[in-house]
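Shown next, in structure tokens, is the structure this report addresses.
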Amino acid sequence: MTDLESSVAEEAQSESGRREHVLGAALETFARYGYKKASMEDVARAADISRPGLYFLFTSKQNLFRAAVTHALDSDVDAAKRCLSDAGRPLRDRLIEAFDLWTGRYVGPMAKEVSGLIETSPELLGPLVLEYPRRFLEMVTAAIAADLPPGRVGMAADMARTLVSTARGIKHEAAAREEFVARMTIGVDLFLPAVDHGKRHA
């Protein structure tokens, strides 16, 4: 790699890191103040960037909001996918970790604000509100199906939907992420015998 190519690569990496920092600060700002009350000036201040610099990266508040939410959801679903795809680990451990990565991280005061912001902004986010939960459900379904015999794979979708509903209920009741994980662990442990039953009756 030439010095010029190296310099360009370093600049691109720096720009990517700067953009990620701005998106994280933006999501927290929108969650704290709400979409309507949060201003680009608020985000710029939180991200330690000038207002013109922020507008250079994102041309409007709505574009910034969509980019911040998309970045967060991409990160969540990618982490859950890596976890669920690790077939060398027991299904129980993968399910608990995946639900913690997808749902558990949105438990707690500030985290719940972020989650609420996403759930109550369908007019701003459009199909994103449904697309990411659908992708997560499909991943959970595939992980469960892979642990079932061919004749019982049809059960996987209902099982996955039941776990997702369980996680959603616990999320709204748990006061801390640790409580979510503890209760979700109980849920998964109660659920796994149904998978074993499916194996025995294949």
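Some observations on this one:
- Helix 91-102 and the longest principal axis of the C-alpha atoms of the chain enclose an angle of approximately 30°.
- Residue order, fewest to most beta carbons within 10 Å, for Phe65, Phe30: Phe65, Phe30
- Linear extension gain, Ala142 paired with Lys37, 0.36 nm per residue minus alpha-carbon span: 33.7 nm
- Distance violations [Cα-Cα > 22 Å] among Lys61/Lys171; Lys37/Lys112; Lys36/Lys171; Lys37/Lys171: Lys61/Lys171; Lys36/Lys171; Lys37/Lys171
- Considering helices alone, the calculated mean residue ellipticity of the chain at 222 nm is -26000 deg cm²/dmol, with DSSP H runs of length four and up weighted by -39500 (n - 2.57) and normalised per residue.
- Full extension of the chain segment joining Arg19 with Ser75 gains 18.7 nm, where the gain is 0.36 nm per residue of separation less the Cα-Cα distance.
- Angle between the chain longest axis and helix 177-200 axis [Cα atoms, degrees, rounded to 10]: 40
- In terms of surrounding Cβ atoms within a 10 Å radius of their Cβ, Phe136, Phe56, Phe191 rank from fewest to most as Phe56, Phe191, Phe136.
- Extension gain (nm, one decimal) between Asp93 and Ala157, 0.36 nm per residue minus Cα-Cα: 21.1 nm
No lab work stands behind these numbers, since they all come straight from the coordinates. The model shown is predicted, which means the values in this text are computed figures rather than measured ones. Note: ideal-geometry Cβ built from the backbone for every residue, glycine included; neighbour counts use all protein chains shown.
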